[in-house]
Amino acid sequence: MKKKWFAYDPNDNPEFFATEEEAANRAREMLAWYADVAMSDGWDEDVEFVCYGKVTHAAMRINEITPVGEIDEDGIDEDGVYWESGIEFKCDYEIQELEGES
């Protein structure tokens, strides 16, 4: 993950940035938008959830497997594992610390 910094507005998706300064500036822009709207409609309670921060942990693939040998006409590989057509690997996911964050 190259862009570890984020800015968040509950009325939109999080946006990701390479630097803390970019994320902080975007969060300030989000607050400015709420302030503009407040002039005519009053403050939206969602303004209290605007934030920025740094991602330190994220979902990572673990236990990844690929088909062993040939897959037969029933979708079974040589280890007896079923593979739906078009599936290239199977895995689980786990939240892990990003490199350089310890």
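We did not get these values from a lab; they are worked out from the coordinates using the rules stated. This structure is a prediction, so every number in the text was calculated from the model and none was measured. Every residue, glycine as well, gets a Cβ built from its backbone with ideal geometry; the counts of neighbours run over all protein chains shown.
In the list E22, E78, E45, which residue meets the criterion of being over 30 Å from C91 (Cα atoms), of a type in the set (D, E, K, R) and surrounded by 10 or more Cβ atoms within 10 Å (Cβ to Cβ)? If you could, list the steps in order and put the result at the bottom.
Details: E78 fails: over 30 Å from C91 (Cα atoms); E45 fails: surrounded by 10 or more Cβ atoms within 10 Å (Cβ to Cβ).
Among E22, E78, E45, only E22 is over 30 Å from C91 (Cα atoms), of a type in the set (D, E, K, R) and surrounded by 10 or more Cβ atoms within 10 Å (Cβ to Cβ).
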* Looking at (1) surrounded by fewer than 10 Cβ atoms within 10 Å (Cβ to Cβ); (2) touching a strand residue (DSSP E or B) at 6+ places or on another chain (Cβ under 9 Å), which is the one condition that is false for S85? -> (2)
* For residues that are in contact (Cβ under 8 Å) with a residue 40 or more places away in the chain, part of a loop (DSSP other than H, G, I, E, B) and farther than 21 Å from E99 by Cα, tally how many sit in segment 1-37. => 2
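Taking only segment 1-30 into account, find how many residues are touching a helix residue (DSSP H, G or I) at 6+ places or on another chain (Cβ under 7 Å) and of a type in the set (A, V, I, L, M, F, W, C).
Restricting attention to segment 1-30, the residues satisfying the condition of being touching a helix residue (DSSP H, G or I) at 6+ places or on another chain (Cβ under 7 Å) are 5-7, 9-11, 15, 17.
Still in the running and of a type in the set (A, V, I, L, M, F, W, C): 5-7, 17.
Of the residues in segment 1-30, 4 are touching a helix residue (DSSP H, G or I) at 6+ places or on another chain (Cβ under 7 Å) and of a type in the set (A, V, I, L, M, F, W, C).
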* To do: For segment 81-100, state whether one or more residues are of a type in the set (S, T, N, Q) and more than 16 Å from the chain's Cα centre (by Cα).
  => yes
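Would you please name the residue that is surrounded by the fewest Cβ atoms within 10 Å (Cβ to Cβ), looking only at residues in segment 25-42 that are more than 23 Å from K4 (Cα to Cα) and of a type in the set (A, V, I, L, M, F, W, C)? Even if it seems obvious, please write down each step before you answer.
Taking segment 25-42 as the starting set, the residues that turn out to be more than 23 Å from K4 (Cα to Cα) are 32-42.
So of that shortlist, the ones also of a type in the set (A, V, I, L, M, F, W, C) come out as 32-33, 35, 37-39.
Numbers: A32: 10, W33: 16, A35: 11, V37: 13, A38: 12, M39: 7.
Step by step, filter segment 25-42, then rank; the result is M39.
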* Asked: S40 is checked against (1) touching a helix residue (DSSP H, G or I) at 6+ places or on another chain (Cβ under 7 Å); (2) farther than 28 Å from E97 by Cβ and fails just one. What number does that condition carry?
  -> (1)
* Asked: Of everything in segment 43-80 that's over 20 Å from the mean Cα position of the chain (by Cα), in a loop (DSSP other than H, G, I, E, B) and of a type in the set (A, V, I, L, M), which residue is nearest to E22 (Cα to Cα)?
  -> V68
